[in-house]
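*Asks:* Quick one: this structure, given as structure tokens, is what I'll be asking you about.
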Amino acid sequence: MIRVTHLMAVVALAALGACGAPPPPAEPQLGPDGLPLPTLYRIGAGDQNRIEIRMLDSVNALRAESGAPQLRYNAALNAAAATHSRDMAVQNRPWHFGSDGSSPVDRVRRVGYAGELKGEAISETYETELQTLAAWMEEPATRGVILSPEARDMGFAWFQEDNGKIWWTLITGGPESATSAGPVLSSSGTLVRTAY
């Protein structure tokens, strides 16, 4: 009886060990340059609200740490961001000017935004929205757009191509300033914010 119990315990432990053993880690796919290929981040039709809420919460957490006021989504700025994300994909280049020559200021006026453009951050990537936000925070120009103390409104949108590439656009806006001198571009062409 003891032998049978002992044998059953050994069999049970072996079975549990086999079930609980994690699979070996998958080898990363490497590109021709020897670097790991990006993992495809596919945005589904039902993901829009989740992504928008996560981005707004993340931006506002960063702003709270810097002492800047919270942002709220603005439908007009969202429309301008969506239009520009799709247009960048059509042009196949990440830049602040539309295929019709429009500037970020032109785009926010076209959608009827009542305030003033404070800045725009753009990206062409396969990364998630939070990875993109982290990359924007590493660059002084785009960090200035996100943390601008003058901003009160935010627009955020994207366009994902069939191959998985995502074109992200984040726009900030706020009340008009009597001393505004127009948009300021960094040396890399990033729209930093409106000058005062």
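The values are calculated or read from the model by the stated rules, or taken from the named source; none is laboratory data. Keep in mind it's a predicted model, so treat the numbers as computed, not measured. All Cβ positions, even for glycine, are placed from backbone atoms using ideal geometry, and neighbour counts span all protein chains on display. Keep in mind that these areas ignore ligands, DNA and RNA; they rest on the heavy atoms of the full protein, side chains included. Shrake-Rupley method; radii C 1.70, N 1.55, O 1.52, S 1.80 Å.
*Asks:* Any idea which residue in the range 158-190 is surrounded by the most Cβ atoms within 10 Å (Cβ to Cβ), counting only those that are at pLDDT below 50 and among the aliphatic types (A, V, I, L, M)?
*Replies:* VAL184
*Asks:* Scan the range 53-90 residue by residue and report those that are farther than 17 Å from GLU120 by Cβ, basic (Lys, Arg) and in a helix (DSSP H, G or I).
*Replies:* ARG54
*Asks:* From the list SER66, SER102, which one is crowded, with 16+ Cβ neighbours inside 10 Å and of a type outside the set (A, V, I, L, M, F, W, C)?
*Replies:* Criteria check complete, one pass: SER102.
*Asks:* Take the residues of the range 11-39 that are among the aliphatic types (A, V, I, L, M) and surrounded by fewer than 10 Cβ atoms within 10 Å (Cβ to Cβ): which is modelled with the highest pLDDT?
*Replies:* Residue satisfying both the conditions and the ranking: LEU35.
*Asks:* For residues that are surrounded by fewer than 21 Cβ atoms within 10 Å (Cβ to Cβ), in contact (Cβ under 8 Å) with a residue 12 or more places away in the chain and not β-branched (Val, Ile, Thr), tally how many sit in the range 77-95.
*Replies:* 9
*Asks:* Another question about this same structure. For the range 91-114, what are the residues that are under 21 Å from ALA75 (Cβ atoms) and not in a loop (DSSP other than H, G, I, E, B)?
*Replies:* The answer is PRO104, VAL105, ASP106, ARG107, VAL108, ARG109, ARG110.
*Asks:* Filter the range 115-139 for residues that are farther than 16 Å from ALA81 by Cα and part of a loop (DSSP other than H, G, I, E, B) and give the result.
*Replies:* Within the range 115-139, TYR126, GLU127, THR128, GLU139 qualify.
*Asks:* Picking from ARG193, ARG143, which residue would you name as being open to solvent by 30 Å² or more (accessible area, probe 1.4 Å), charged (D, E, K, R) and modelled with pLDDT of 95 or more?
*Replies:* When all the criteria are applied, what remains is ARG143.
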